[in-house]
Amino acid sequence: MAHQVKEIPTKPYDGQKPGTSGLRKRVKVFQQEHYTENFIQAIFDAVPPQGATLVVGGDGRFFLKETIANILKIGSANGVKKFIIGQNGILSTPAGSHVIRKRKANGGILLTASHNPGGPDNDFGIKYNMSNGGPAPEGVTNKIFEKTKTISHYKVLEAPQVDVSKIGSFSYGPSEVEIIDPVSDYLEYLQEIFDFPLMKNFLHNSPQAASFKVLFDGMHGVTGPYAKAILLGALGLPESSVQNCEPLPDFGGGHPDPNLIYAHTLVEAVESAHIPFGAASDGDGDRNMIYGAGAFVTPGDSVAIIAEYASEAIPYFKKGGVKGLARSMPTSGAIDLVAKDKGVECFEVPTGWKFFGNLMDAGRLSICGEESFGTGSDHVREKDGVWAIIAWLNILAYVNESQTKVQGGAPAVIGIKQLLEKHYAKYGRNFFSRYDYEEVSSEGAAKLVDKINAHISSGDLKGKKFTSPSTGTEFVVKEAFNFDYTDPIDHSVSKNQGQVVRFEDGSRIVWRLSGTGSQGATVRMYVERYVPASAGPAELQRDTADGLKALIEVALEISSLKEFLGRDKPTVIT
Ligand code: VG1
Ligand code: CO
């Protein structure tokens, strides 16, 4: 049967360059005439989809349905053979990655602006993923960007809009469409990865069960249905173990970013009810925060602790082993210490999950993380919030069970706090914090970058001593450089991925411009200070802000940040 395909003339838009994680803009920008259509056609011009199977889904935010309709129209006209779409357009980012891999699709389009707020006045995003389930590497995103600059028309199939609300298959013009349950493939996979019988036993029958309560906060993002299926369904926890688990197009007006500031509903609930295990995830489900009463786990510590216990506690790693570890450059070096202890490789890659994919595909990387509340493994090719949360539950169940075996009777619960303390006592502690200056002027941000670059090229910081005005602590600069990365597998080079100043005592400061902001510029400043285990419990258990105060003062001084950005305080501290 001949299907009607129409060519619509269009003109290029400026600025359709995918950032750290796809194209992210205000909804209003995507709503401009032909704007979204241009970008979708550019994807298909860069990666021709003839005969391809394409997975499509997103985090449920405003403008999702309209975009899915466009992907179907344009994709079908460009030759997509089959679309696999989450029911109602819903697929968490990691579940999308899994569906691509499991069903051997050629790629996928994930519709999310992650942790950025949603709704008509907020953000939307489009990201292309490859057949390995991971975000397209820079070679591909650059090609997409090139296509957006010369686009002159896009193709559409002339057909009525399809209904994505019912599970099942139907044909759409020359293509096939399958609407799938967004949760079931993923749930089944997690049940293979983790020790569900161990967790169930711990949560229901162990001596610690009565006092070990769990609270998960979906922040009205995409993970609500996943968390309910896993925590309430598979693990049999009571309804009271989840909150904010209805996905909403505007995330209930909130900022779906799981950190101490935006996930305050979780923090407050955990503290007021003394809940030992709290967790939250972001809009599209790839980020996570682990927070128990009185104990916040920094993402750098979280991935290090998962790496520490994985091969003992988690069936997936018991079976496959831990091949290597990795972190993004600004992330603290806690995981490096675990890698050293275990004698496995550890990689430092630029910010953005796409940089982990080649290492995983090559069988050299099993567990990795980013300081931005991203943790994951080679089970998929995206970071995975729910995976990280269940990994923690699995590990806590394991250490408590091991302790019960040794001591018998009803030993005290080993909670998040005790596990952190144990880790610090073995490895020392990497105090870490990130300061974000959001939506500052691009001009000011450029001046800040230029100033640090001037220091880097003149070498004038080397050997220079900086003294914190409030504590008197001295820091002597060891080196200052721009972080460039050569991928060990395909040897592609990514330059200028952050400016680093390292000190003699091992502390460091990093500055980077965000690649996910949708407006103006966002400057991120990362500070890290290592305290060895020999410093003793009092030093190791200090409050983060206190442990980093001196270094932050020095970081502000070196960069003249306040002067260039005109901001006295960061927008967010994590
Ligand atoms: C930020 C984080 C980075 C993360 C990216 C996507 O990027 O710093 O670590 O990979 O967001 O996260 P940037 O360029 O703004 O610093 V999310 O949960 O999109 O998908
Ligand atoms: Co996200």
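The values are calculated or read from the model by the stated rules, or taken from the named source; none is laboratory data. The structure displayed is predicted, hence computed values, not measured ones. Ideal geometry is used to build each Cβ from the backbone, glycine not excepted, and the neighbour counts take in all protein chains shown. SASA here: full protein model, heavy atoms, side chains in, ligands and nucleic acids out. Shrake-Rupley method; radii C 1.70, N 1.55, O 1.52, S 1.80 Å.
Residues that are surrounded by 18 or more Cβ atoms within 10 Å (Cβ to Cβ), within 24 Å of Glu443 (Cβ to Cβ) and of a type in the set (S, T, N, Q) do not occur anywhere in the range 501-511. Would you check if Pro18 is within 16 Å of ligand 2 (Cβ to nearest atom), modelled with pLDDT under 95 and in contact with a helix residue (DSSP H, G or I) (Cβ under 8 Å, 6 or more places away or on another chain)? So Pro18 fits the description; yes.
Once the range 259-273 is narrowed to residues that are polar (S, T, N, Q) and open to solvent by 20 Å² or more (accessible area, probe 1.4 Å), the residue that is nearest to ligand 1 (Cβ to nearest atom) is Thr265. The set of residues in the range 349-380 being more than 13 Å from ligand 1 (Cβ to nearest atom) and in contact with a Lys or Arg (Cβ under 7 Å, 6 or more places away or on another chain) consists of Met360, Gly363, Arg364, Leu365, Ser366, Val380. Within the range 460-473, identify whether any single residue is within 16 Å of ligand 1 (Cβ to nearest atom), open to solvent by 60 Å² or more (accessible area, probe 1.4 Å), basic (Lys, Arg) and not in a helix (DSSP H, G or I), and answer yes or no. No - not one qualifying residue is present in the range 460-473.
Only residues that are within 15 Å of ligand 2 (Cβ to nearest atom) and either of a type outside the set (D, E, K, R) or free of Cβ contacts under 8 Å to residues at least 40 places away in the same chain (or both) were counted in the range 280-310, giving 7. For the condition of a type in the set (A, V, I, L, M, F, W, C), on the phi > 0 side of the Ramachandran plot and modelled with pLDDT of 95 or more, Phe63 qualifies. Touching a residue at least 24 places away in the same chain (Cβ under 8 Å) and over 28 Å from Ala388 (Cβ atoms): does that describe Ile109? So Ile109 does not fit the description; no. A search for C-beta distances below 8 Å between a residue of the range 6-26 that is of a type in the set (Val, Ile, Thr) and any residue that is within 16 Å of ligand 2 (Cβ to nearest atom), counting only pairs 6+ apart in sequence or on different chains, returns Thr20/Thr351; Thr20/Gly352; Thr20/Ser514; Thr20/Gly515; Thr20/Thr516.
Counting just the residues of the range 184-219 that are under 30 Å from Asn116 (Cβ atoms) and in contact with a Gly (Cβ under 9 Å, 6 or more places away or on another chain), which one comes out surrounded by the most Cβ atoms within 10 Å (Cβ to Cβ)? So the residue we want is Met219.
Against the test of being touching a residue at least 40 places away in the same chain (Cβ under 8 Å), assigned to a loop (DSSP other than H, G, I, E, B) and open to solvent by 20 Å² or more (accessible area, probe 1.4 Å), the options Pro256, Pro249 yield a single qualifying residue, Pro249.
Residues are listed down the side, and each one gets a yes or a no for (1) open to solvent by 10 Å² or more (accessible area, probe 1.4 Å); (2) touching a helix residue (DSSP H, G or I) at 6+ places or on another chain (Cβ under 8 Å); (3) within 16 Å of ligand 2 (Cβ to nearest atom); (4) not aromatic (Phe, Trp, Tyr):
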site: Gln4; (1), (2), (3), (4): yes, no, no, yes
site: Thr10; (1), (2), (3), (4): yes, yes, no, yes
site: Val47; (1), (2), (3), (4): yes, yes, no, yes
site: Gly51; (1), (2), (3), (4): yes, no, no, yes
site: Ser76; (1), (2), (3), (4): no, no, no, yes
site: Val99; (1), (2), (3), (4): no, yes, no, yes
site: Lys104; (1), (2), (3), (4): yes, no, no, yes
site: Thr112; (1), (2), (3), (4): no, yes, yes, yes
site: Asn116; (1), (2), (3), (4): yes, no, yes, yes
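I'd like to check something: does the range 204-220 contain any residue that is of a type in the set (Lys, Arg) and within 16 Å of ligand 2 (Cβ to nearest atom)? The answer is no, given that none of the residues of the range 204-220 is of a type in the set (Lys, Arg) and within 16 Å of ligand 2 (Cβ to nearest atom).
Which ones in the range 206-229 are assigned to a helix (DSSP H, G or I) and modelled with pLDDT of 95 or more? Those that are assigned to a helix (DSSP H, G or I) and modelled with pLDDT of 95 or more: Gly224, Pro225, Tyr226, Ala227, Lys228, Ala229. Residues in the range 78-97 that are open to solvent by 20 Å² or more (accessible area, probe 1.4 Å) and of a type outside the set (Gly, Ala, Ser): Lys81, Lys82, Gln87, Asn88, Ile90.
For every residue, the table says whether it meets (1) within 13 Å of ligand 1 (Cβ to nearest atom); (2) in contact with a Cys (Cβ under 7 Å, 6 or more places away or on another chain).
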site: Ile275; (1), (2): no, no
site: Ser281; (1), (2): yes, no
site: Gly285; (1), (2): yes, no
site: Met289; (1), (2): yes, no
site: Thr298; (1), (2): no, no
site: Ile305; (1), (2): no, no
site: Lys323; (1), (2): no, no
site: Thr331; (1), (2): yes, no
site: Asp336; (1), (2): no, yes
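Filter the range 422-448 for residues that are surrounded by 20 or more Cβ atoms within 10 Å (Cβ to Cβ) and assigned to a helix (DSSP H, G or I); which is modelled with the lowest pLDDT? Here the residue is Leu448.
Checking Gln541, Gln497, Gln519 one by one, the residue that is open to solvent by less than 50 Å² (accessible area, probe 1.4 Å), in contact (Cβ under 8 Å) with a residue 24 or more places away in the chain and not aliphatic (A, V, I, L, M) is Gln497 and no other. The residues of the range 168-178 that are in contact (Cβ under 8 Å) with a residue 40 or more places away in the chain and either over 16 Å from Gly58 (Cα atoms) or touching a helix residue (DSSP H, G or I) at 6+ places or on another chain (Cβ under 7 Å) (or both), listed by number, are Tyr172, Gly173, Pro174, Ser175, Glu176, Val177.
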